[in-house]
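Asker: A single structure is presented below for examination.
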Amino acid sequence: MKVLVVGNGGREHALVWKLLQSPQVEQCFCTPGNGGTALLEKCENLPYSVDDFAKIAESVQKHKIDLVVVGPEVPLAKGITDYLQRYNVKVFGPTQDGAQIESSKSWAKKLMASAGIAIAEGKTFKDPDAAKTYIAKQGAPIVVKADKLAAGKGVIVAQTVEEAQAAVDELIETGFSSLVVEEFLEGEEVSILAVTDGKTVRPLLPAQDHKRIGEGDTGPNTGGMGVYAPAPIATPELLERVQTEILEATVSALRQQGIHYCGVLYAGLMVTPEGDPKVLEYNCRFGDPETQAVLPLLETPLDELLMACIEGRLAEFPPLQWYDGSAVCVVAASEGYPGIYEKGKVITGITEAENLGSTVFQAGTKLNGDKLLTDGGRVLGVTSTGKDFQTAIEKVYGCIEAIDFPGIYYRRDIGHRVR
C-alpha cells in the first residue's frame, strides 16, 4: 500500500511516521513535506503545495497511490476531497461542505444549535460597530473570533470591553469580513479527536493543548505550544456524554443536511466547573500538536482505521488498541512567534534528543544540503512517553535540552495540570 499525506507540519510528520509502522504500508509520500519527512526512510517529499489539486491528482496516478490523507484544513476547505474523488481516489478527509464545520464558525454554530448541542452562546457580525455595541452590552471577559480559517490564531479572549473592541478592529484590519463574538466559558479545555465514516464515530484518546505562548497560560494564542494525552479531565463518564450528546449528534446533524462526513471530527471542548462539556469549536482534521501526542500511544494500525472510515465499515472495526502510559509533546518555536520571526537558523541536537528517548516531529524545518534549518514559527514537537505523566514530562524536558537553534523558545510548564 502506498499513502500520500498532504501537508508540511509536525502533524504530517507524525502521520507519516505512524503510517510507516504498519506492515501494510510499503511507502509514503508527503507534499510538500518538511525536513523531517525528507529524512524518513520509505518517505519521499513531493514539491507541490497543498492546494495544487491538479498536481496532487497527477502524483496519485503516477505513483499508484492507494490512499490520500489530508493533514491541514485549508485544502479541505478548498475542496481537495471533492476534486480527488472525481478521479476515484480514496481520500481521508471531509468534502468541502463538511469542512465548513471548521472553515465557518457561524455555520458550525448554526449546525450545532439545530442539533441541540451545548455551545458557547454568541452572535455573528459583519458590521464592526454592531459587534462593538454588542460587546459593550455583554461586558467582559468575552471572546472574539474570526469567522473563517485563521491558522489557530484568530481567537482573542478579552478580559476587558476595550480589549474586545480593539480585537474587532484588529481582525477586520487583518482581512476578516465576518466575526463571531461569544460568551467566555469558565472551565478546563480538552480536545477530543474522533474519526468517522459518516455514520459511526470512534474517539481517539483525549488530549489537552496549551494554546498561549507564555508559561502559566499567558500571552497571545498560538497554534499550540504543547500537549499531553490522555487528559485525565476526560473521565469515562464525560467521554460517554461527549460521544452521544456531541459527536454522534453532530454526525447526525450533518447527515440531515445531506453531508456525508468522512474524516476527523475534532471537538474543542470546555468542561465547565459543573462537569458539563460545551463545544468551543470544531475542526475538520487532525489537531496539531495533539496528533503528536496521541499517535505515539495508538497501537491499532493507522492505515487500517482510516480505510475502515473510507469504506464505511467503522461499525465493524475492532475496538481501538492503545499502549499503556502517557505522552507529552513540547513545541520548540522560533523567537518572535506567534508574531514576526526569522527563518533559516541551523538546528542541532535532534539525534541526541532521540537517543535520549524522545521522538522529534519536525514542523517548520527544511533541509539545505546536510543542514537542517528553521522554516516556520513552530519548528519542532518533541514527544516522550512514559508509564505516567511525571515520567513523560521529566523525559521530554531532558530530551529537549539537547536541541538548539538560535532563539529557540519553548514553554517549560507543559503538563502543569497533571504534574
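The numbers here are math on the coordinates, done by the rules we state, and not lab data. Bear in mind the structure is a predicted one, so any value in this text is a computation, not a measurement. Cβ atoms come from the backbone with ideal geometry, glycine included; neighbour counts cover every protein chain shown.
Asker: Which distance in nm do the two modelled labels at S22 and A130 give, with both placed 7 Å along the Cα-to-Cβ direction?
Answerer: The modelled label-to-label distance comes out at 4.7 nm.
Asker: Still on this structure, I have one more. Compute the separation of the alpha-carbon centres of region 172-251 and region 295-320 and state it in Å as a whole number.
Answerer: Region 172-251 and region 295-320 have Cα centres spaced 22 Å from each other.
Asker: Which far-off residues, 5 or more places away or on another chain, put their amide H under 5 Å from the one on N45, with H placed in the peptide plane?
Answerer: Correct list: C30.
Asker: Given charges of +1 on the Cβ of Lys and Arg and -1 on the Cβ of Asp and Glu, with all other atoms neutral, how large is the dipole of region 1-136 about its Cα centre, in debye to the nearest 20? Let's see the in-between values first.
Answerer: Working: 16 positive and 15 negative charges, 37 e Å.
So the magnitude is around 180 debye.
Asker: Apply the Karplus curve 6.51 cos²θ - 1.76 cosθ + 1.60, θ = phi - 60°, to the phi angles in region 277-294 and return the couplings in whole Hz, x for Gly and Pro.
Answerer: The phi angles translate into x, 10, 7, 7, 6, 10, 10, 9, 7, 4, x, 9, x, 3, 4, 5, 9, 7 Hz.
Asker: Under unit Cβ charges (Lys, Arg +1; Asp, Glu -1), what dipole magnitude, rounded to 20 debye, does region 326-400 have relative to its Cα centre? Before the final figure, lay out each step's value.
Answerer: Values: 7 positive and 8 negative charges, 28 e Å.
Dipole of region 326-400, to the nearest 20 debye: 140 debye.
Asker: Rounded to the nearest 20 Debye, what is the dipole magnitude of region 81-235 about its Cα centre when Lys and Arg each give +1 and Asp and Glu each give -1 at the C-beta?
Answerer: With Lys and Arg at +1 and Asp and Glu at -1, about 680 debye.
Asker: Additional query: Can you bin region 163-228 into rounded, prolate or oblate? Criterion: square roots of the alpha carbon gyration tensor eigenvalues sorted a ≥ b ≥ c, rounded for a/c under 1.5, prolate for a/b above b/c, oblate for the rest.
Answerer: Numbers: a/c = 2.41, a/b = 1.48, b/c = 1.62.
It is oblate, given that a/c is not under 1.5 and a/b is not larger than b/c.
Asker: At a threshold of 8 angstrom on Cα-Cα distance, excluding pairs fewer than six apart, so keeping six or more, what relative contact order does the chain reach in percent? Kindly include the intermediate steps, with their values, before the conclusion.
Answerer: Working: 984 pairs, mean separation 68.3, N = 419.
16 percent.
Asker: Please list the radius of gyration and Dmax for region 326-400, considering alpha-carbon atoms only, with Å as the unit.
Answerer: Values for region 326-400 (Cα only, Rg and Dmax): 13.0, 39 Å.
Asker: So for region 2-93, Kirkwood radius off the Cα pairs, Stokes-Einstein at 20 °C and 1.002 mPa s: how many µm² s⁻¹? The partial results should precede the final answer.
Answerer: Working: Rh = 12.7 Å.
Here the translational diffusion coefficient equals 169 µm²/s.
Asker: Hey, for a label at H260 modelled as a point 7 Å past Cα toward Cβ, could you say which residues of region 181-200 have their backbone N under 15 Å away?
Answerer: Of the residues in region 181-200, 196-200 have backbone N under 15 Å from the label point off H260.
Asker: In addition: Which is farthest toward the positive dipole end of the chain among T160, P23, V379, measuring Cα position about the Cα centre, with Cβ charges +1 (Lys, Arg) and -1 (Asp, Glu)?
Answerer: About the Cα centre, the residue reaching furthest to the positive side is P23.
Asker: Which entries of K62/K105; K42/K105; K18/K371; K110/K137 show an alpha-carbon separation above 29 angstrom in the structure shown?
Answerer: On the way: K62/K105 37 Å; K42/K105 38 Å; K18/K371 25 Å; K110/K137 23 Å.
Violating the 29 Å limit, Cα to Cα: K62/K105; K42/K105.
Asker: Next question, about the same structure. Mind checking which of N355, L302, S334 is farthest towards the positive end of region 272-366's charge dipole, using Cβ charges of +1 (Lys, Arg) and -1 (Asp, Glu) about the Cα centre?
Answerer: Ranked along the dipole, the leading option is S334.
Asker: While we're on this one: Please enumerate, by chain and number, the aspartates and glutamates with C-alpha under 15 Å from the C-alpha of K78, excluding those fewer than 8 residues away in the same chain.
Answerer: Within the straight-line cut-off, K78 pairs with D51, D52, D97, E102.
Asker: Sequence neighbours fewer than 8 away in the same chain don't count; with that in mind, list the lysines whose C-alpha is under 20 Å from K387.
Answerer: Within the straight-line cut-off, K387 pairs with K395.
Asker: Can you work out ³J(HN,Hα) from phi for every residue in region 235-247, in order, using Karplus 6.51 cos²θ - 1.76 cosθ + 1.60 and θ = phi - 60°, giving whole Hz and x for Gly and Pro?
Answerer: 5, x, 5, 5, 4, 5, 5, 4, 4, 7, 6, 10, 5
Asker: In addition: For region 125-177, take the alpha-carbon Rg, divide it by the Kirkwood Rh, and send me Rg/Rh.
Answerer: On the way: Rg = 10.1 Å, Rh = 10.9 Å.
Across region 125-177, the Cα-based Rg/Rh ratio is 0.93.
Asker: Cα convex hull of region 290-419: how many Å³ per residue? Walk me through the numbers before you get to the answer.
Answerer: Values: hull volume 18.5 nm³, N = 130.
About 142 Å³ per residue, rounded to a whole number.
Asker: With the alpha-carbon atoms as the only input, what is the per residue convex hull volume for the chain in Å³?
Answerer: Values: hull volume 56.5 nm³, N = 419.
Cα convex hull per residue, to the nearest whole number: 135 Å³.
Asker: Each residue of region 181-194 in turn: what ³J(HN,Hα) in whole Hz from Karplus with 6.51, -1.76, 1.60 and θ = phi - 60°, glycine and Pro shown as x?
Answerer: 10, 9, 5, 7, 9, 7, x, 10, 7, 8, 9, 10, 8, 10
Asker: With a 10 Å radius around each residue's Cβ, average the other Cβ atoms per peptide and rank 138-144, 342-348, 287-293, highest first.
Answerer: Numbers: 138-144: 18.6, 342-348: 14.6, 287-293: 30.0.
Descending packing order for the listed peptides: 287-293, 138-144, 342-348.
Asker: Now for a separate question. Pairs of Cα atoms under 8 Å, at least six residues apart: use those to get the relative contact order of region 42-113, whole percent. Please list the in-between numbers first.
Answerer: Working: 68 pairs, mean separation 18.7, N = 72.
Relative contact order here is 26 percent.
Asker: Then there is this: How long is the gain from N355 to E44 if the chain were fully straight, where each residue apart is worth 0.36 nm and the alpha carbon distance is subtracted?
Answerer: Numbers: separation 311, 0.36 × 311 = 111.96 nm, distance 2.40 nm.
My answer for the length gained is 109.6 nm.
Asker: Moving on. Among G139, T272, L314, which residue has its Cα positioned farthest towards the positive end of the charge dipole of the chain, with +1 placed on the Cβ of Lys and Arg, -1 on the Cβ of Asp and Glu, and the dipole taken about the Cα centre?
Answerer: Result: L314.
Asker: Based only on Cα atoms, what Rg/Rh ratio does region 188-316 have, Rh being taken as Kirkwood's radius?
Answerer: Values: Rg = 14.8 Å, Rh = 15.2 Å.
We get a ratio of 0.97 for region 188-316.
Asker: State, to one decimal in nm², a quarter of the convex hull surface area for the C-alpha atoms of region 108-229, i.e. the direction-averaged projected area.
Answerer: Working: hull surface 34.8 nm².
It is 8.7 nm².
Asker: If you wrap a convex hull around the Cα atoms of region 15-170, how much volume per residue is inside, in Å³?
Answerer: 165 Å³
Asker: Additional query: Can you compute the helix-only [θ] at 222 nm over the chain? Use -39500 (n - 2.57) per DSSP H run of at least 4 residues, normalise by all residues, nearest 500 deg cm²/dmol. If you can, show how the numbers build up before the last one.
Answerer: Values: 15 runs with 126 residues, N = 419.
The helix contribution divided over the chain gives -8000 deg cm²/dmol.
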